[in-house]
Amino acid sequence: MRHFLDFERPIAELEGKIDELRHLSNDSGLNIAEEVGRLEAQVGRLLGQSYARLTPWQKVQVARHPERPHCLDYIDGLIDDFTPLAGDRAFAEDAAVVGGLGRFRGHSVVVLGTEKGADTEARLKHNFGMARPEGYRKARRLLRLAERFGLPVVTIIDTAGAYPGVDAEARGQSEAIARAIETCLDIRVPLVAAIVGEGGSGGAIALATANCTLMLEHAVYSVISPEGCASILWRDAGHAAEAAGNLRLTAQDLLRFGIIDAIVPEPLGGAHRRPREAVAALGAALGDALRPLIGRDGDRLRAERRHKFLAMTRSAAP
C-alpha cells in the first residue's frame, strides 16, 4: 500500500477512486478508460501544484518518505560489479555506512554512503542510517584506499545524523567525524557527493566534504533536524515546521548560498513515486560532475576542495 503524506490527502483520495474504478472494470468488463484518464490527469495537476509550492517542512517530510530510494538502491542502479568492503580494522563493522569498489559508467570508483534501510529488519540492521565511530573510520579507510589506487570517490548521503548513543560517544564519535572530514579534504582524487534524502549535521558532512556536492530537488541538508532545533529554541518539538523554515535547509536555499553545487530534478511527485527515474537522474548528474574532475592533478583537486569550504566560512562571516 502506498504511503501518502499529510499534504497529499486529496491526491490519495483521487488515486483511491482510480483503483476502485479499475477494480470495477476488471470485475464487470466495463470500459471506464475515459473516466480513469480524466482522474489521472487531475492527479497529475494536483501533484504539479502541490510539489511546486512545498514548504520547507513538507520538503523534510518528502526527504524522509519511507518509499524514497536509499543508498543501496542507487548503488544497485548505477554501480556495476559492486564489491562491498567492510570493517574499520580497529573495532567493528558498521552497517550504517556502506562502501566498496565498483564501476560507474566505465570508470572504477570507490562508493561510500549511509543506508537507512527499506523495511523494519533492514532499518534495524543499518541503525536507521546513523553511523557510529567505526562507520566513519571505515569511510576514512576506503577514502585512503581510493587515493592509493587513484580512484574517484562517489558518496551517497541519507542520514538524520551520526548515532548519538553513549557507546558511540565513548568510542570517540566527534573525533571520528572530524577525522573523516579531514580525510575528505586531504585526499588527492576526485570526490563527488550526493545528498539524496536527509543530510543531517556532521554525520552527513563527514562524507559530503567534496569537490562537487549534488542534492536531489526535495532533499534537505542542515546542521540540525527541525525537531532538534525546535526543542532547543522553543523547548517544544511542536515548532518543527517553523524551525524548518528558519534553518534554510532546502536544496534551493543551499544552492543560493553556495553550499551545494547543483540540484538534481526529481520526478513529478518526488523520487518515491518513480524511483527508477530518480536513480537515472542522479546517475546523469554524477556523470556530469565527475567528467571534468577525472584526470585533474591531485594537488589541484585537494586545493580546490579546501578553497571551496574556506570560501563558505568567509561568506558566512559578519
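Can you name the number of the only condition in (1) within 19 Å of the chain's Cα centre (by Cα); (2) closer than 28 Å to Cys212 by Cβ that Gly150 fails?
(1)
Return the pair list, or none, for Cβ contacts closer than 8 Å from residues in the stretch 190-213 that are touching a residue at least 60 places away in the same chain (Cβ under 8 Å) to residues that are buried (at least 24 other Cβ atoms within 10 Å of the Cβ) and charged (D, E, K, R), at least 6 apart or on different chains.
From residues that are touching a residue at least 60 places away in the same chain (Cβ under 8 Å), the pairs are Ile195/Asp158; Val196/Arg68; Val196/Asp158; Gly197/Arg68; Gly197/Asp158; Glu198/Asp158; Ala204/Glu198.
If Gly295 meets every condition in (1) surrounded by 17 or more Cβ atoms within 10 Å (Cβ to Cβ); (2) of a type outside the set (Asp, Glu); (3) on the phi > 0 side of the Ramachandran plot; (4) free of Cβ contacts under 8 Å to residues at least 60 places away in the same chain apart from one, which number is that one?
Every listed condition holds for Gly295 apart from (1).
Scan the stretch 259-299 for residues that are of a type in the set (Lys, Arg) and within 19 Å of His107 (Cβ to Cβ) and jot them down.
Arg291, Arg296
I'd like to check something: does the stretch 73-87 contain any residue that is more than 30 Å from Ala241 (Cβ to Cβ), assigned to a loop (DSSP other than H, G, I, E, B), of a type in the set (D, E, K, R) and at pLDDT 85 or above?
No, there is no match, as no residue in the stretch 73-87 is more than 30 Å from Ala241 (Cβ to Cβ), assigned to a loop (DSSP other than H, G, I, E, B), of a type in the set (D, E, K, R) and at pLDDT 85 or above.
If you scan the stretch 150-177, which residues turn out to be free of Cβ contacts under 8 Å to residues at least 12 places away in the same chain and of a type outside the set (Val, Ile, Thr)?
Glu169, Ala170
Checking Phe91 against (1) under 19 Å from Ala170 (Cα atoms); (2) of a type outside the set (Gly, Ala, Ser); (3) crowded, with 21+ Cβ neighbours inside 10 Å, which single condition isn't satisfied?
(3)
The values are calculated or read from the model by the stated rules, or taken from the named source; none is laboratory data. All values reported here derive from a predicted model rather than from experimental measurement. As a convention, Cβ positions derive from the backbone with ideal geometry for all residues, glycine included, and neighbour counts pool all protein chains shown.
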